[in-house]
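Right, one structure below, let's go through it.
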Amino acid sequence: MSSNPTTNKTVEEGKQFAFQKENYVILLIGLAFLAVGFLLMLGGGSDNPEEFSDALFDFRRLTLAPILILTGYIIEIYAIMKRPKQKHD
């Protein structure tokens, strides 16, 4: 009883992982962008609630950090949606 080679090939194709190493690398890059963006958004408050701090409205918190966070989310979506390369026999 020999098995059909085409059946074995389809079973092997069904056992592939959804993500390859490249996907995980891209996911980690996206997570790094997100972490840096959220870290840049920290701080800026005043110790005394009666005093106003202009540090709350600087370039780093209002522009740079949100751009990094948005870029991180776009990278994450790309990493999830990227198809693994097909092996050609």
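Read-outs throughout are calculated quantities, based only on the coordinates presented, and are distinct from any laboratory measurement. Predicted, not measured: the structure shown is a model, and the values here were computed from it. A quick note on method: Cβ atoms are made from the backbone with ideal geometry, for glycine too, and the neighbour counts reach across all protein chains shown.
Quick look at the numbers
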read-out: Environment charge of Glu76, counting only residues whose C-beta is closer than 15 Å and scoring Lys/Arg +1, Asp/Glu -1; value: 0
read-out: Per-residue Cβ neighbour rank within 10 angstrom, fewest leading, Glu76, Glu50; value: Glu50, Glu76
read-out: Neighbour-count order for Thr63, Thr71, fewest beta carbons within 10 angstrom listed first; value: Thr63, Thr71
read-out: Karplus-derived 3J(HN,Hα), 6.51/-1.76/1.60, for each residue of the range 40-55, Hz, glycine and proline x; value: 5, 7, 5, x, x, x, 9, 5, 9, x, 7, 9, 9, 10, 6, 5
